């Protein structure tokens, strides 16, 4: 059972009486001064840092201006995820609005080519007459591709935000024309939290200033705010910290996305019933982004960039039609694959982790399968897709709230793996199927050793709340205090002594409940959703029983009616004091 721990108070300054108690109780844990509070609630674009603070930004701008003056063909080479796609869209629109006439774009195919800046692509682009490549969200470890560009006399500006490789404490960097990456050691901009699309946006800011300051270049009134909708999607989906400039950009970007006139994004908002109300960061992350991501996962004939860049409303409708159909295919394939994975677990004998591999698992959805199995079993889970050449490409996930590090787990098997990488809670790997048993035994040793020192799961919550706090004015303020995400997490509230009036399983194995607050004599009722509970957890939920609940709060919009609901994270039986 998880240990619940309340966060400690961070601020001692006097309460702002304009802010409701519900909102103040969690904001007071996060801010230390009135000035900091105002920046959280009312960030302004004038606060943004100078883009020229980023190392080599001036050199990148000079080269782009030279390309404009020579009418050179430019290619924007972007990663296939939504961060890279957002950065591609930002530069594509921005360069053309500034006045560039000879701009193309390229993204590697997720399954056929894989992540990265590839030498073959450089050769192909050079053959098309490209003289300058600008990478977006990719390239910091792509040494061979930059060597190829240099060999072919193609200048390549590297823009990225990923960490450079370190060798004996020294950065190993590709031979690019210049590198614009705020995560370089020598960079002192303080903008290391930007995503790939964020770096692209700052390049565009600097370029627009360069055009303004050079008398011989054309001037126009195009407003950079017109690409904040793209930037908002990239920043939220790449899960970078929502601090400082990122917070400013996402706060304003949410408004730009809500009011976007871009046909593809507008059609998608309308199709998801997100067009008639205020957007939240959760809307983008949970409803908007997964459907776009599914296009590149499945290598559909429609890709996210097509929806981003479409200029005709009628064509946008057709693209979104295809996207929705593709998402249904992805969901069906995911459902059948999860069932197959669950069936395989019956023969799995290792107690501290899961590993399942199959030739039937589509590589585009193995991360989704791993997430489902990890949360259902509460174990680190490794899912592999075996190809015809006998290679297993895999994805791994930690269950929610699990204290562990998948990169360290995979590093223990480094001698077996062809490649691996990622983050603590989500990582990828590849190895020969002939080494499957070696891989399993190595992971077993790692997790057996970890079990000896494993700590109980801790869930931190912000503050206590009652159902009476969940009023419409309070919820409006709650949304205003956002956006929420990494670096400004969604608040977790503790609700005590809630009695369940109804418990039912809904599509996807989730649980929907209604509950009343006994401390208010049952006067207030609320809906509660519990996503992907284990069978053991399902059995513990009983109608008529009182529970203490940890959960997020959100407004549910249905048939033009607003109600507040709780997204439950954990529960315990209520113990009267």
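The values are calculated or read from the model by the stated rules, or taken from the named source; none is laboratory data. These numbers come from a predicted model, not from an experiment. When we count neighbours, we look across all protein chains shown, and the Cβ atoms used for this are built from the backbone with ideal geometry, even at glycine.
Observations
- For region 385-393, the condition holds for no residue, the condition being that it is closer than 22 Å to residue 533 by Cβ, in contact with a helix residue (DSSP H, G or I) (Cβ under 7 Å, 6 or more places away or on another chain), surrounded by fewer than 22 Cβ atoms within 10 Å (Cβ to Cβ) and in contact (Cβ under 8 Å) with a residue 40 or more places away in the chain.
- Residue match in region 62-71 (condition: farther than 26 Å from residue 242 by Cβ, crowded, with 24+ Cβ neighbours inside 10 Å and over 28 Å from the mean Cα position of the chain (by Cα)): yes
- Candidates are the residues of region 407-431 that are in contact with a strand residue (DSSP E or B) (Cβ under 9 Å, 6 or more places away or on another chain) and closer than 15 Å to residue 444 by Cβ; the one that is surrounded by the fewest Cβ atoms within 10 Å (Cβ to Cβ) is 416.
- Residues within region 1-40 that are touching a strand residue (DSSP E or B) at 6+ places or on another chain (Cβ under 8 Å) and within 25 Å of residue 246 (Cβ to Cβ), tallied: 6
- Selected residue (only one of 257, 272 is surrounded by fewer than 24 Cβ atoms within 10 Å (Cβ to Cβ), more than 15 Å from residue 44 (Cβ to Cβ) and in contact with a helix residue (DSSP H, G or I) (Cβ under 7 Å, 6 or more places away or on another chain)): 272
- If you go through region 229-277 and pick out every residue that is in a loop (DSSP other than H, G, I, E, B), in contact with a strand residue (DSSP E or B) (Cβ under 9 Å, 6 or more places away or on another chain) and either assigned by TED's automatic domain parsing to the domain that holds residue 476 or within 25 Å of residue 48 (Cα to Cα) (or both), you end up with 5.
- Single condition residue 346 does not satisfy, out of (1) in contact with a helix residue (DSSP H, G or I) (Cβ under 7 Å, 6 or more places away or on another chain); (2) over 25 Å from residue 302 (Cβ atoms): (1)
- Test: residue in region 198-215 that is under 21 Å from the mean Cα position of the chain (by Cα), part of a helix (DSSP H, G or I) and farther than 27 Å from residue 70 by Cβ: yes
- Condition broken by residue 366, with the remaining ones in (1) closer than 20 Å to residue 333 by Cα; (2) buried (at least 21 other Cβ atoms within 10 Å of the Cβ); (3) touching a helix residue (DSSP H, G or I) at 6+ places or on another chain (Cβ under 7 Å) satisfied: (3)
- Selection of region 89-99 for residues being buried (at least 19 other Cβ atoms within 10 Å of the Cβ) and closer than 15 Å to residue 70 by Cβ yields only 95.
- Count of residues meeting criterion [out of contact with any helix residue (DSSP H, G or I) (no Cβ under 6 Å at 6 or more places or on another chain) and part of a strand (DSSP E or B)] in region 369-383: 1
- So residue 181, is it in contact with a helix residue (DSSP H, G or I) (Cβ under 8 Å, 6 or more places away or on another chain), at pLDDT 95 or above and within 22 Å of residue 302 (Cα to Cα): no
Here is a yes/no grid of residues against (1) touching a residue at least 12 places away in the same chain (Cβ under 8 Å); (2) over 21 Å from residue 37 (Cα atoms):
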{"residue": "205", "(1), (2)": "yes, yes"}
{"residue": "208", "(1), (2)": "yes, yes"}
{"residue": "213", "(1), (2)": "no, yes"}
{"residue": "219", "(1), (2)": "no, yes"}
{"residue": "222", "(1), (2)": "yes, yes"}
{"residue": "233", "(1), (2)": "yes, yes"}
{"residue": "237", "(1), (2)": "yes, yes"}
{"residue": "249", "(1), (2)": "yes, no"}
{"residue": "253", "(1), (2)": "yes, no"}
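- Looking only at region 286-302, residues that are more than 22 Å from residue 260 (Cβ to Cβ) and assigned to a helix (DSSP H, G or I) come to 1 in all.
- In region 1-34, of all residues being exposed (fewer than 10 other Cβ atoms within 10 Å of the Cβ) and more than 24 Å from residue 471 (Cβ to Cβ), the one that is farthest from the chain's Cα centre (by Cα) corresponds to 12.
- Residue within region 238-251 that is buried (at least 17 other Cβ atoms within 10 Å of the Cβ), at pLDDT below 95 and within 17 Å of residue 88 (Cβ to Cβ) present: yes
- Sole exception among (1) assigned to a helix (DSSP H, G or I); (2) surrounded by fewer than 17 Cβ atoms within 10 Å (Cβ to Cβ) for residue 190, by number: (1)
- Screening 359, 379 for residues that are surrounded by fewer than 16 Cβ atoms within 10 Å (Cβ to Cβ), in the same structural domain as residue 439 (by TED's automatic domain parsing) and touching a strand residue (DSSP E or B) at 6+ places or on another chain (Cβ under 6 Å) leaves exactly one candidate, 359.
- Among residues of region 303-350, those that are buried (at least 19 other Cβ atoms within 10 Å of the Cβ) and part of a loop (DSSP other than H, G, I, E, B), counted: 2
- Test: residue in region 164-180 that is touching a residue at least 40 places away in the same chain (Cβ under 8 Å) and over 29 Å from the mean Cα position of the chain (by Cα): yes
- In this structure, residue 149 qualifies as surrounded by 24 or more Cβ atoms within 10 Å (Cβ to Cβ) and either assigned by TED's automatic domain parsing to the domain that holds residue 232 or within 17 Å of residue 78 (Cα to Cα) (or both).
- Filter result for residue 39 (assigned by TED's automatic domain parsing to the domain that holds residue 126 and surrounded by 14 or more Cβ atoms within 10 Å (Cβ to Cβ)): no
- Only one of the numbered conditions (1) in contact with a helix residue (DSSP H, G or I) (Cβ under 9 Å, 6 or more places away or on another chain); (2) assigned to a helix (DSSP H, G or I) is not met by residue 360, and that is (2).
- Among residues of region 109-136, those that are crowded, with 18+ Cβ neighbours inside 10 Å and modelled with pLDDT of 95 or more, counted: 14
- Pairs with Cβ under 7 Å, 6+ apart, first in region 293-317 and over 18 Å from residue 272 (Cβ atoms), second at pLDDT below 95 and surrounded by fewer than 19 Cβ atoms within 10 Å (Cβ to Cβ): 298/329; 299/109; 299/111
- The selection criterion, being surrounded by fewer than 19 Cβ atoms within 10 Å (Cβ to Cβ) and touching a residue at least 24 places away in the same chain (Cβ under 8 Å), does not hold for residue 514.
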